[in-house]
1. Just for helices (runs of 4 or more DSSP H) wholly inside region 34-132: which have at least 1 residues that are among the hydrophobic types (A, V, I, L, M, F, W, C) and under 21 Å from R155 (Cβ atoms)?
2. Is it the case that some residue within region 109-116 is in contact with a Lys or Arg (Cβ under 8 Å, 6 or more places away or on another chain) and of a type in the set (A, V, I, L, M, F, W, C)?
3. Let me spell it out: the conditions are (1) open to solvent by 40 Å² or more (accessible area, probe 1.4 Å); (2) closer than 26 Å to S24 by Cα; (3) modelled with pLDDT under 95, and R153 meets all of them except one. Which number is the exception?
4. Looking only at residues that are touching a residue at least 40 places away in the same chain (Cβ under 8 Å) and either aromatic (F, W, Y) or touching a strand residue (DSSP E or B) at 6+ places or on another chain (Cβ under 7 Å) (or both) in region 169-203, which one is most open to solvent (accessible area, probe 1.4 Å)?
5. Report, by residue number, each residue of region 151-203 that is more than 23 Å from C38 (Cβ to Cβ), part of a helix (DSSP H, G or I), of a type outside the set (A, V, I, L, M) and out of contact with any helix residue (DSSP H, G or I) (no Cβ under 6 Å at 6 or more places or on another chain).
6. Return only the number of the condition from (1) in contact with a helix residue (DSSP H, G or I) (Cβ under 7 Å, 6 or more places away or on another chain); (2) within 26 Å of L22 (Cβ to Cβ); (3) crowded, with 21+ Cβ neighbours inside 10 Å that I129 does not satisfy.
Amino acid sequence: LITINALMVNYAFENPEFFEVLKSGLCVNDSTGISIACFILKGRFLPRFQGIELFLNLLAFCQKQKLKVFLYGAEEKSNQKAQEKVKKFFPDIKVDGINGYTDPWEKINAFKPDFIFVGLSLPEQELWIYENLKKLNCPAMGIGGSLDVISGRVRRAYYVFRVSGLEWCWRLINQPQRIKRILKLPVFVARILSYLIFGRIIL
């Protein structure tokens with residue numbers, strides 16, 4: 001599962017081989033930019049489903065099915081706290097995990113999860129899943145910084161930011177170092193407009 005956003009598509013334009021990664025999975029729109037692009041190019045507004053909401057919904061599914069879930073990513077404290085939160089709110093899930101700075105395979109092979117959630121940065125998590133898909137033997141989804149949010153280390157955007165599609169603004173306020181990533185969003189819009197006008201991407 002890939003929660004696709006404008007920054008991912010930008011990265012794919014700059015690294016065309018990444019399009020193969022995006023096409024290999026089931027993409028779910030997690031971006032106002034993708035919704036706008038769909039409206040510009042297709043005349044319809046593609047609904048947005050936030051990655052963390054999909055993560056929580058899948059945990060609810062795993063709870064109902066009593067599945068084993070593995071959390072890979074974030075720092076050790078965040079990972080451990082996220083595991084504790086999952087155990088608390090989804091007690092029928094068996095959960096294990098490891099931080100994003102350690103090779104996870106020993107624990108994955110011992111635990112044999114039914115679902116793996118990968119909380120690394122873009123594009124590392126998508127590349128990791130793509131490169132290891134045959135070894136996983138189970139579904140996997142990239143969840144970005146969701147483990148930090150679930151653990152309480154990072155505060156989730158207020159509701160008004162979420163419903164208006166302005167989570168990027170909230171993240172920028174709380175993490176000013178993200179400015180370099182945010183400045184790439186106008187490039188995405190320019191690429192979409194160039195395709196609309198010229199029938200091809202010229203940037």
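The values are calculated or read from the model by the stated rules, or taken from the named source; none is laboratory data. None of these values were measured; they are calculated from a predicted model. When we count neighbours, we look across all protein chains shown, and the Cβ atoms used for this are built from the backbone with ideal geometry, even at glycine. Side chains included, ligands, DNA and RNA excluded: accessible areas come from the protein's heavy atoms. Shrake-Rupley method; radii C 1.70, N 1.55, O 1.52, S 1.80 Å.
1. 51-65, 76-89
2. Scanning region 109-116 turns up at least one residue that is in contact with a Lys or Arg (Cβ under 8 Å, 6 or more places away or on another chain) and of a type in the set (A, V, I, L, M, F, W, C).
3. For R153, the exception is condition (2).
4. Y195
5. The answer is Y159, N174, P176, Q177, K180.
6. So the condition that I129 fails would be (1).
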